[in-house]
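Chemist: Please read through the structure below; I'll follow up with questions.
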Amino acid sequence: MTSLKALPDSFGNLSELQSLEIDEVREISELPESFGRLARLRDLELRGMTSLKALPDSFGNLSELQSLEIDKVREISELPESFGRLARLRILKLRGMTSLKALPASFGNLSELQSLVLQERTWQGWRAVRWEDDKEKGKFDALLLALGLGRGFCIQGRRDGAGGSVTQTLPL
């Protein structure tokens, strides 16, 4: 299946799909806008999609999504602002997203988030967590407090090659 170059727009017609894993499909550079029509999708894993450049704006329409893992999708530099509309998202794992520059301001709207995993240099090079106004910053601060992360948060990962760990604190 590694020769798959694109998902058809009709992919969004799989309205009863509840779980999706796309693994090591390296040729896909974009997901169709119809992806946001997967109305019942609860679990999504995107791994090793090394050519994927962005998530579609319709991504925030995945209103039933509860668990999202994005791993080794290195070309994505930002998550869509619609990301904050994932109202039921409880588990978020971002690993090996080395081009990711920041979290969207809407990230603070993820009020159901219970587990946040940032690993493998995902946070390196981040400008910061960005928000547009004090209201959005307040939502983000409230989310961090609910997750027990306080006024700054620490992210742990492994050092390249050394096997030890490194901790980085991102001030808010």
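The values are calculated or read from the model by the stated rules, or taken from the named source; none is laboratory data. Since the structure is predicted, the reported quantities are computational estimates derived from the model, not experimental observations. Note that we place each Cβ from the backbone using ideal geometry, even for glycine, and neighbour counts take in every protein chain shown.
Chemist: For segment 74-111, give me each residue that is over 11 Å from the mean Cα position of the chain (by Cα), assigned to a loop (DSSP other than H, G, I, E, B) and buried (at least 22 other Cβ atoms within 10 Å of the Cβ).
Modeler: Correct list: Leu110 only.
Chemist: Report the residue count in segment 61-73 for those that are crowded, with 16+ Cβ neighbours inside 10 Å, of a type in the set (S, T, N, Q) and closer than 20 Å to Gln114 by Cβ.
Modeler: 2
Chemist: What pairs can you find where one residue is in segment 88-116 and in contact (Cβ under 8 Å) with a residue 12 or more places away in the chain and among the acidic types (Asp, Glu), the other is surrounded by 20 or more Cβ atoms within 10 Å (Cβ to Cβ) and part of a loop (DSSP other than H, G, I, E, B), and their Cβ atoms are less than 9 Å apart, with a gap of 6+ or different chains?
Modeler: Listed by first residue and then by second, the contacts come to Glu112/Leu86; Glu112/Leu89.
Chemist: Looking only at segment 21-73, filter to residues that are among the polar types (S, T, N, Q) and in a loop (DSSP other than H, G, I, E, B); which one of those is modelled with the highest pLDDT? Step through it out loud before you land on a result.
Modeler: Taking segment 21-73 first, the residues among the polar types (S, T, N, Q) are 29, 34, 50-51, 58, 61, 63, 66-67.
Cutting the leftovers down to in a loop (DSSP other than H, G, I, E, B) gives us 29, 50-51, 63, 66.
Details: Ser29: 92, Thr50: 93, Ser51: 93, Ser63: 95, Gln66: 98.
My answer is Gln66.
A quick yes/no check of all residues on (1) basic (Lys, Arg); (2) surrounded by 16 or more Cβ atoms within 10 Å (Cβ to Cβ); (3) within 20 Å of Asp57 (Cβ to Cβ):
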| site | (1), (2), (3) |
| --- | --- |
| Ser10 | no, no, yes |
| Glu21 | no, no, no |
| Val25 | no, yes, no |
| Phe35 | no, yes, yes |
| Leu41 | no, yes, yes |
